[in-house]
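A quick write-up on the structure given underneath.
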Amino acid sequence: AEPVAPDVEGCNKPTLPPGAKPIACCPPNFEKKESIDYIIPNYETLRIRKPAHDYDDLEKYKEAVKIMKSLPDDHPHSWTQQSRVHCAYCGNSYHQHGHTEVAMQVHNSWIFLPFHRWYLYFYERILGKLIDDPNFAIPFWNWDAPEGMEIPSIFTDKSSPLYNALRNHNHQPPTLINLNWNGADVDRSGDVGENLAIMYRQATSLSPYSSKTGSGSIELVPHNTVHDWIGDTTQPNFEDMGALYSAARDPIFYGHHANIDRMWSIWKSFGRNDITDPDYQNASYVFYDENENLVRVKNSDAFDTKKLGYDYKQLDLPWLDAKP
Ligand code: C2O
């Protein structure tokens with residue numbers, strides 16, 4: 001069945017991995033609310049997302065996340081709810097419209113990129129609303145360039161709301177990331193070149209877009225591998241980042257995904273076209289927006305970041321010259 005709307009009449013308890021503490025993931029008042037079709041505002045100024053290592057809006061970001069974390073758990077804008085959005089869309093909570101037997105799963109799937117684009121879009125809009133700055137833009141963790149190949153310091157300050165304790169203790173800065181991490185730590189000092197070659201392969205020679213039947217290259221590597229590299233190996237499922245249901249509890253999740261989202265924009269700048277299959281174009285999701293409306297959005301409205309009012313700061317792409 002085509003990946004379309006989660007059936008808004010039903011949001012069930014998530015399927016969690018063994019050892020996970022039981023949690024609820026469905027949005028507050030979901031059953032009682034009718035979703036409305038989202039109308040994208042007319043944005044006059046673009047929000048420019050900048051790299052985490054060179055991010056000048058850190059104080060605003062910290063302030064906004066602090067407010068999110070102080071909201072009651074059942075508030076649609078709370079940090080808990082933001083992370084549960086991910087849990088619900090990856091944990092079989094929803095099923096596909098008209099197909100109660102098919103669970104909605106946004107991973108290993110061709111809806112991976114557009115779903116996460118919308119998810120980050122509302123996350124950013126809500127943060128901007130909380131600090132009353134409609135131009136607020138989140139940072140991206142550009143692990144695809146040497147300056148970004150370790151956990152960015154904005155996420156490692158223990159007194160910051162962007163810190164999270166559940167991360168792999170052996171991967172703290174200045175440990176170089178292994179974009180192809182398979183669970184084993186080896187001595188990789190100096191392997192910037194290997195990371196660049198991985199980026200080249202995943203982003204140019206393979207197909208970054210998923211197909212109807214499975215993941216695109218970028219979802220597998222470095223998307224999944226970076227999740228696993230961050231997750232805390234002392235936790236039953238490498239929580240937080242190493243498990244889908246818990247990943248978005250870690251603020252680094254949104255930095256990681258902003259870079260995945262940026263990769264999508266970069267491929268398009270290479271002349272690639274979005275998938276035209278109507279099943280793909282019309283696939284839709286529901287989110288709470290910054291005004292606490294439950295809104296339905298669709299893939300085809302997510303193809304152009306400028307239409308959504310944001311763009312990425314242009315940076316050099318050192319991996320373009322790293323053909324293995
Ligand atoms: Cu929805 Cu990085 O996973």
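If R0 is taken as 22 Å, the Cβ-Cβ distance between Thr100 and Arg296 corresponds to a FRET efficiency of 0.70. The alpha carbons of region 4-43 give a radius of gyration and a Dmax of 14.6, 46 Å, in that order. Placing unit charges on the Cβ atoms of the charged side chains and taking the dipole of region 36-321 about its Cα centre, the candidate lying farthest along the positive direction among Leu294, Gln235, Ile48 is Leu294. Just to verify a number: FRET efficiency for Lys158 and Lys212, C-beta to C-beta distance, R0 = 30 Å, to 0.05? Once rounded, the FRET efficiency stands at 0.10.
Of all DSSP beta bridges confined to the chain, the antiparallel ones make up roughly 60%. Using a cutoff of 8 angstrom between alpha carbon atoms and counting only pairs six or more residues apart, the relative contact order for the chain works out to 28 percent. What pairs in Lys32/Lys307; Lys66/Lys313; Lys62/Lys129; Lys33/Lys212; Lys158/Lys313 have C-alpha atoms more than 21 Å from each other? In this structure, Lys32/Lys307; Lys66/Lys313; Lys33/Lys212; Lys158/Lys313 lie more than 21 Å apart at Cα. Approximating the spin labels as points 7 Å out from Cα along Cα→Cβ, the Lys13-to-Glu31 distance works out to 1.4 nm.
With all projection directions averaged, the alpha carbon convex hull of the chain covers 15.7 nm².
Electrostatic bookkeeping for Leu317 treats Lys and Arg as +1 and Asp and Glu as -1; over the other residues with beta carbon under 12 Å from its beta carbon, the sum is -2.
With a cut-off of 10 Å between beta carbons, the residues surrounding Trp264 carry a summed charge of +2, where Lys and Arg count +1 and Asp and Glu -1.
No lab work stands behind these numbers, since they all come straight from the coordinates. For clarity, every value in this text was computed on a predicted model and none was experimentally measured. Please note: Cβ atoms are built from the backbone with ideal geometry, for glycine as well, and neighbour counts cover all protein chains shown.
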